[in-house]
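Please read the structure below before turning to the comments.
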Amino acid sequence: MEQKLTKRDLWTLFMRVNTMRITLNYETLQGVGFMRAVAPALEKIYPDKEDLREAMLRHTVFYNSHVNGDAAIAGLTVAMEESTGPNEKEGINPLKTGLMGPLAGLGDSLVKFTWVPIVGSIGASFALSGSIVGPIFMFIMYNIVNMVGRYYAVVYGYKKGIEFLNGNQNSNIIQRISTMANVVGLMVVGSLIASVIKISTPLEISVNSNVTGEVGGNVIAVQEMLDKIMPSFLSLFVTFIVYRILKKNQGKHVAWLILAIMILTIILKYFGIL
Amino acid sequence: MTVLLITILAFFIGIDDVSTKLFRRPLLIAPLVGIILGDLQAGLAIGATLEIMWMGIGNVGAYMAPDIVTGSLISTALAIMSRNGASLEATVATAVTLAVPTALLAQQLLVLIETVNVSLNSWAHRLAENADVKGTKWLIYPPAIMTGLARALPTFIALQFGAGAIQTLVDSLPTFVIEGLSTAGKIIPAVGIALLMMSMIKRVEMWMFLVLGFVLASYLQLAVLPVTLIALVIAYLYDLATQKNEVVQVAATDIDGEEYDL
C-alpha cells in the first residue's frame, strides 16, 4: 500500500517529537505533547474535519514513554491512523499504551543504562586528564544515538512498524534486546565499580615481629593487604552497601544518601581512616 | 557580564533538557561554563567528576530525580568563580559539595512546572475539539519559556549573590573537610552505579554479569571500551542460550517478572 506521508511530513513529525516533553504535566504526562506531535500528520491523513477532530481527541489522553520510544510509537501511530478503516480506530490507543511500557524499558536499557554510562565514562577519563576531547567525544557519540536514533525511529516506526508488529508478535524481540542491553550494561557497570570508585585507606597495623621481638617493628598497610586479596575490594564493598540501602528505599532519598556519604567521608578523613 | 552569559546558557540548556536533550549531561555542560569563565581546565575536571557522580541518576519510577542540569550549571560556575588560585582538587570538591543541594532545590521548581502544565490539557482539548492543527504549534511556547526561566533565574540569583559567600566559606573550611569532600567525590559514583544496578538486575542470574565486568576491570585492568566489546559477545551468547530454553518451555509466562515501572 502506498503511504501518504512524505519525507517532509516525517521530518515535521520528528521535529514535533523532539519538543514533546516540554508539555510534560501531572495529568496526562506527555498526552498534550503527543497530540501536538501527530497533529500535522493527522491533518494530512484525514481531509475531513470531523475525522480529524476525532483523531486529535483520541491522542490527548495519558501517554508516557522514553524519548526514542516516543519516536517509534509516534511513527507507528500515524501509520496505524493511515492504514486502519473507520471501524478499527479503537485499536490504536490500546496498541499505543501497550507499547509505551516495553519501549520505554528498551530505550532506558539501551540509552540511559548502557550507552550514556559507556560514553560518559570514556569521555570523563579524557576530561580528567585535561583534554577537551572528552566532552566532544561524549557529545558526538551520545547524540548519534539520541538525535539520529530518534529520527530513524520515527521513519522506521512509520514505514515498518506495522509489519514488524505482525511478524514478531510471538518472539518478544523487544524483551530480548532489552535483556541483551542489560547484560552489556551490567558488565560495563561492573567494570566502572573498579575503575571509577576510588577508595583507599592509609590505615596501618603494627604487629610485633616474632623474629626480632621488636615492638611495632612490622608495619602492615591495610590497603596493600586488601589489594592482594582483591583489587578494588573497598569499591565493591561500598557499592554493595549503597545498593542495599537504595533497594530498601526503592531508589528514593538519593540526595540524602549522597549527603550522608559526604559527612561520613569527612568524619573518616578526620580520624585518618580514609 | 559572564553571569549574564551563563544565565542565558542556563535558559537554553533548560529548554534543551526537556526537548532535544543535546546537552543534558554534566560533562557536556560544565566545560561550556568553564569556557565562559575562562577556566576550561576546571570545567573539564568538574564535568568529569559530576558526570561520573550522577551516572545512573534518572527518574526511577514516579520519583523525580534531582535536577542535575541546574546542579551542574550552578555548582561549576560558583566553584570556578570562587576559585581564586585554589588547587584544582579543592575547586572540584567545592563543585561536588554545591552540586547536591542546588540539584535538590532546582528539582522542586520542575515539580512546580509539571503541576502548572496541567492547565495545558484543557487548551489541547479545545484545539482538538476544533480540529485546529495550526493552533497546536503554540502549545509548547509558554511551558518552554517557563522551563527556561526555571533554570535561568536560580542560576542568576546563585551566581549574583552566592559567589562571594561561597569563597569566604571555602576559605574558612579546615583542610580535612576539603580533603574529605574531595574523597567523597570519588565515592559518590557508587550511588549512581547502584541506581543503574537497581534498574538492570531484574533476575538473580544477572549478578554474574556484574561480577564478570568487575573482574575484567579490577584483576585484568581492562578499560571501558574492551569491556563493552566483550560484553557484546557475552550478551549475544546469553541470548542464544536463553532462546533455546524458551523453545523447550514454550513459556507464555512472563519470565521477567518485573514490569517496567513508568
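The values are calculated or read from the model by the stated rules, or taken from the named source; none is laboratory data. Remember, predicted model here, so these are calculated numbers, not experimental data. Positions of Cβ are backbone-derived with ideal geometry, glycine not excepted, and every protein chain shown enters the neighbour counts. Side chains included, ligands, DNA and RNA excluded: accessible areas come from the protein's heavy atoms. Shrake-Rupley method; radii C 1.70, N 1.55, O 1.52, S 1.80 Å.
Side notes on the structure shown:
- When segment A:11-62 is limited to residues that are surrounded by 20 or more Cβ atoms within 10 Å (Cβ to Cβ) and basic (K, R), the one that is farthest from the other protein chains (Cβ to nearest Cβ) turns out to be A:R16.
Table: residues versus (1) modelled with pLDDT of 90 or more; (2) within 30 Å of B:I46 (Cβ to Cβ); (3) open to solvent by 70 Å² or more (accessible area, probe 1.4 Å).
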{"site": "A:P135", "(1), (2), (3)": "yes, yes, no"}
{"site": "A:F139", "(1), (2), (3)": "yes, yes, no"}
{"site": "A:K160", "(1), (2), (3)": "no, no, yes"}
{"site": "A:L165", "(1), (2), (3)": "no, no, no"}
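- The condition (being open to solvent by 10 Å² or more (accessible area, probe 1.4 Å) and in the same structural domain as A:N68 (by TED's automatic domain parsing)) is satisfied by just one residue among A:V155, A:V119: A:V155.
Yes or no, residue by residue, for (1) open to solvent by 30 Å² or more (accessible area, probe 1.4 Å); (2) outside any helix (DSSP H, G or I); (3) facing chain A (nearest Cβ under 10 Å):
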site	(1), (2), (3)
B:L149	yes, no, no
B:Q160	yes, no, no
B:A163	no, no, no
B:Q167	yes, no, no
B:V170	yes, no, no
B:G180	no, no, yes
B:T183	no, no, yes
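- For A:L106, the criteria (1) more than 7 Å from every other protein chain (Cβ to nearest Cβ); (2) aliphatic (A, V, I, L, M); (3) surrounded by fewer than 18 Cβ atoms within 10 Å (Cβ to Cβ); (4) part of a helix (DSSP H, G or I) hold in every case but one, which is (3).
- In the set (1) surrounded by fewer than 22 Cβ atoms within 10 Å (Cβ to Cβ); (2) in contact with a Ser or Thr (Cβ under 6 Å, 6 or more places away or on another chain); (3) of a type outside the set (S, T, Y), A:E90 fails one condition alone, (2).
Yes/no matrix, rows are residues, columns are (1) under 25 Å from the mean Cα position of the chain (by Cα); (2) within 28 Å of B:L110 (Cβ to Cβ); (3) without any contact (Cβ under 8 Å) to a residue 40 or more places away in the chain:
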position	(1), (2), (3)
B:S182	yes, no, no
B:L195	yes, yes, no
B:S199	yes, yes, no
B:Q221	no, no, yes
B:L237	no, no, yes
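- Residue within segment A:228-236 that is within 7 Å of chain B (Cβ to nearest Cβ), in a helix (DSSP H, G or I), open to solvent by less than 100 Å² (accessible area, probe 1.4 Å) and modelled with pLDDT under 90 present: no
- Any hit, segment B:209-226, residues being open to solvent by less than 30 Å² (accessible area, probe 1.4 Å), at pLDDT 90 or above and touching a Phe, Trp or Tyr at 6+ places or on another chain (Cβ under 9 Å): yes
- Within segment A:148-174, being in contact (Cβ under 8 Å) with a residue 40 or more places away in the chain, of a type outside the set (V, I, T) and within 11 Å of chain B (Cβ to nearest Cβ) holds for one residue alone: A:R150.
This table checks each residue for (1) touching a Leu at 6+ places or on another chain (Cβ under 7 Å); (2) touching a residue at least 60 places away in the same chain (Cβ under 8 Å); (3) in the same structural domain as B:T168 (by TED's automatic domain parsing).
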site: B:I36; (1), (2), (3): yes, no, yes
site: B:T49; (1), (2), (3): no, yes, yes
site: B:T97; (1), (2), (3): yes, yes, yes
site: B:L104; (1), (2), (3): no, no, yes
